[in-house]
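Colleague: I have a structure here, written as structure tokens, and I will follow up with some questions on it.
The values are calculated or read from the model by the stated rules, or taken from the named source; none is laboratory data. What you are looking at is a predicted structure, and each value in this text was computed from that prediction instead of being measured. Note that we place each Cβ from the backbone using ideal geometry, even for glycine, and neighbour counts take in every protein chain shown.
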Amino acid sequence: MKRLINDLFIKSTGNVFIQLLRYSFVGGIAAAANFFFLFLLTDVCGVYYLISNVFSFIVGLTINYVLCKKIIFLTKFNNGKVEFLIYGFIGLVGLLFDTGLIYFFTEAMHFYYLFSKVLSTVIVLLWNFTARKFMYIIIENK
């Protein structure tokens, strides 16, 4: 069991399946924080759901960035500021997708905003993983 945990979550790997599994795990933690703050800001504090989404997405993105650096994409980047800017750009595109999808599902499809967030999260997860994976492939081949 210890070896399995080491292989799945600790040992450096280029295996895309294991990276996607790790990313889903990390994404789950970040998504939980994202959903918590979205609910808190919207239902408890009364902030408009799209504004709450921006702030909660940033919280989730920050958690995701830190955990991804620690357990998923272990490539060393020569310039941490540039890495964070690229990561932030990918996150900004993800935020635009996320907010647009939540708006569409909530306003056009008349879904409850948290259900819209679930649908959006699944779609944006695929964008974020693919974009970040390519970012690190480019870094490794430099």
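Colleague: Scanning the range 87-99 for residues that are β-branched (Val, Ile, Thr) and under 22 Å from residue 25 (Cα atoms), which turns out surrounded by the fewest Cβ atoms within 10 Å (Cβ to Cβ)?
Modeller: First, the residues of the range 87-99 that are β-branched (Val, Ile, Thr): 90, 93, 99.
With under 22 Å from residue 25 (Cα atoms) added as a condition, the list becomes 90, 93.
Numbers: 90: 20, 93: 14.
Looking at the filtered set, the residue picked out is 93.
Colleague: What do you reckon, is residue 51 at pLDDT 95 or above and closer than 15 Å to residue 122 by Cα?
Modeller: Values: at pLDDT 95 or above: yes; closer than 15 Å to residue 122 by Cα: no.
No: the conditions fail for residue 51.
Colleague: Something else about it: Taking the condition at pLDDT below 90 and among the β-branched types (Val, Ile, Thr), does residue 82 pass?
Modeller: Yes.
Colleague: Kindly evaluate residue 102 against the criterion of being surrounded by 14 or more Cβ atoms within 10 Å (Cβ to Cβ) and either modelled with pLDDT of 85 or more or among the charged types (D, E, K, R) (or both).
Modeller: Details: surrounded by 14 or more Cβ atoms within 10 Å (Cβ to Cβ): yes; either modelled with pLDDT of 85 or more or among the charged types (D, E, K, R) (or both): yes.
Yes: the conditions hold for residue 102.
Colleague: To continue, here is another question. Return the residues of the range 105-142 that are surrounded by fewer than 13 Cβ atoms within 10 Å (Cβ to Cβ), at pLDDT 85 or above and over 14 Å from the mean Cα position of the chain (by Cα); say none if nothing qualifies.
Modeller: 107, 108, 109, 110, 112
Colleague: It is to be established whether one or more residues within the range 78-98 are among the polar types (S, T, N, Q) and without any contact (Cβ under 8 Å) to a residue 24 or more places away in the chain. Show your work before the answer.
Modeller: Keep residues of the range 78-98 that are among the polar types (S, T, N, Q), which gives 78-79.
Those left that are additionally without any contact (Cβ under 8 Å) to a residue 24 or more places away in the chain: 78-79.
The answer is yes, given that some residue of the range 78-98 is among the polar types (S, T, N, Q) and without any contact (Cβ under 8 Å) to a residue 24 or more places away in the chain.
Colleague: Oh, and also: Among the numbered criteria (1) at pLDDT 90 or above; (2) outside any helix (DSSP H, G or I); (3) under 15 Å from the mean Cα position of the chain (by Cα), which single criterion is violated by residue 60?
Modeller: (2)
Colleague: Can you pull out every residue in the range 63-79 that is surrounded by fewer than 22 Cβ atoms within 10 Å (Cβ to Cβ), aliphatic (A, V, I, L, M) and modelled with pLDDT under 70?
Modeller: The one that is surrounded by fewer than 22 Cβ atoms within 10 Å (Cβ to Cβ), aliphatic (A, V, I, L, M) and modelled with pLDDT under 70: 74.
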